[in-house]
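Here's the structure we're looking at; comments come further down.
The values are calculated or read from the model by the stated rules, or taken from the named source; none is laboratory data. Keep in mind it's a predicted model, so treat the numbers as computed, not measured. Methodologically, a virtual Cβ is constructed for each residue, glycine included, from the backbone with ideal geometry; neighbour enumeration extends over all protein chains shown. We work out accessible area using only protein heavy atoms, side chains counted, and drop any ligands, DNA or RNA first. Shrake-Rupley method; radii C 1.70, N 1.55, O 1.52, S 1.80 Å.
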Amino acid sequence: DQQVKQNSPSLSVQEGRISILNCDYTNSMFDYFLWYKKYPAEGPTFLISISSIKDKNEDGRFTVFLNKSAKHLSLHIVPSQPGDSAVYFCAASAPGGGSQGNLIFGKGTKLSVKP
Amino acid sequence: DAMVIQNPRYQVTQFGKPVTLSCSQTLNHNVMYWYQQKSSQAPKLLFHYYDKDFNNEADTPDNFQSRRPNTSFCFLDIRSPGLGDAAMYLCATSKTGQRNTEAFFGQGTRLTVV
């Protein structure tokens, strides 16, 4: 029973265009969402996050949008660059101590940006 | 500067032979996590340490154990590895009380069971 779903295993985009990676969640208790980027043979690295009190957070070329009513978030990369080619993981956590606050990950989406 | 270091990067072990994976951190974070990630799957939390307090996930098999002798080090022990335990094992750290800060991951140890 996946609480965080990334339904597209892969995405291919032309350099300079927009990349849109999607993530859906089922647990209405989640109030904090993160995107991680993972290159081959490396661990995931934090990219950007958003709290449930916001619907948008922007950091340079990366913007995350949150639609709480739809339980959906998306990561936009504009413009996409070949160096953005990686696996992107969506993660979420709920408030509270113990396991509640731990990150729940999606399966990831492999982004390929073609020159 | 590596902040979360996992050793070894690649580990081959025999079926049933105990194996230990290690993780060290220079961040002085009080929370350390172990995740298992199988091919094309989401990283799955096995357990975490909140300081010295061990927190096991309900569905983590007994075959998996962990030790944290001090703040900097954490070990994952697999007592009798099976073929199904072949995976990437990721160690991560975070700082308590700051949920708006991310978890820092190591590069992972890829475990092969033969």
Quiz prompt | Cross-link reach list, lysines versus B:Lys17, counting only Cα pairs under 29 Å and skipping chain neighbours closer than eight places | solution = B:Lys38, B:Lys44, B:Lys52
Quiz item: Which Cα, out of B:Phe104, B:Pro43, B:Ile78, lies furthest along the positive dipole direction of the stretch B:4-108 (beta carbon charges, K/R +1, D/E -1)?
Solution: B:Phe104
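Which whole-number percent gives the relative contact order of chain B, counting Cα pairs below 8 Å spaced six or more residues apart?
Details: 268 pairs, mean separation 43.1, N = 114.
Reported relative contact order: 38 percent.
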Quiz item: Mean shadow of the stretch B:4-108, computed from the convex hull of its alpha carbons, in nm²?
Solution: 6.5 nm²
Quiz prompt | Part-to-part distance (alpha-carbon centres) for the stretch A:52-68 and the stretch A:1-49, which is given in Å | solution = 13 Å
Exercise. Describe numerically, in nm with one decimal, the distance between label points set 7 Å from Cα along Cα→Cβ at B:Ser40 and at A:Thr45.
Key: 2.8 nm
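Per residue of A:104-112, count partner chain C-beta atoms within 10 Å of its C-beta, then hand back the mean as an integer.
Numbers: counts 4, 7, 3, 5, 5, 0, 1, 0, 0.
The mean count of partner-chain Cβ atoms within 10 Å per residue comes to 3.
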Quiz prompt | For the protein assembly as shown, with +1 on Lys and Arg beta carbons and -1 on Asp and Glu, the positive-most of A:Leu21, A:Pro115, B:Thr60 along the dipole | solution = A:Pro115
Quiz item: Any idea what diffusion coefficient the protein assembly as shown gets from Stokes-Einstein, in µm²/s, Kirkwood Rh on alpha carbon pairs, 10 °C, 1.306 mPa s?
Solution: 88 µm²/s
Self-check item: Restricting the stretch A:53-84 to trypsin sites (Lys or Arg not before Pro) in coil, as DSSP defines it, with at most 13 other Cβ within 10 Å
Solution: A:Lys54
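Using the crude model of +1 on Lys and Arg Cβ and -1 on Asp and Glu Cβ, and no other charge, please compute the dipole size for chain A relative to its Cα centre, in debye to 20.
Values: 12 positive and 9 negative charges, 38 e Å.
For this selection, approximately 180 debye.
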Quiz item: Near A:Lys56, which lysines are there with a Cα under 18 Å away, not counting those fewer than 8 places off in the same chain?
Solution: A:Lys68, A:Lys71
Quiz item: Got the relative contact order for chain A handy, in percent, Cα pairs under 8 Å and 6 or more residues apart?
Solution: 36 percent
Quiz item: For peptide A:41-48, how many partner chain Cβ atoms fall within 10 Å of a residue's Cβ, on average?
Solution: 6
Quiz item: So for the pair B:Asn63, A:Ser112, with labels modelled 7 Å out along Cα→Cβ, what separation do we get in nm?
Solution: 3.4 nm
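What's the carbon and sulfur percent of the stretch B:22-75's accessible surface, probe 1.4 angstrom, rounded to a whole number? List each step's numbers first, then the result.
Values: 1240 of 2740 Å².
Summing carbon and sulfur atoms, their accessible area is 45 percent of the total for the stretch B:22-75.
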Practice problem: Enumerate the whole-percent occupancy of each 10 Å bin, from 0 to the last occupied one, for all C-alpha pair distances of the stretch A:1-51. | Solution: 18, 46, 31, 5
Quiz item: If you average 1/r over all unlike Cα pairs in the stretch A:4-114 and invert the result, what Kirkwood radius do you get in angstrom?
Solution: 14.0 Å
Quiz item: How far apart, in nm, are two points set 7 Å out from the Cα along the Cα-to-Cβ line at B:Asn70 and at B:Arg9?
Solution: 2.6 nm
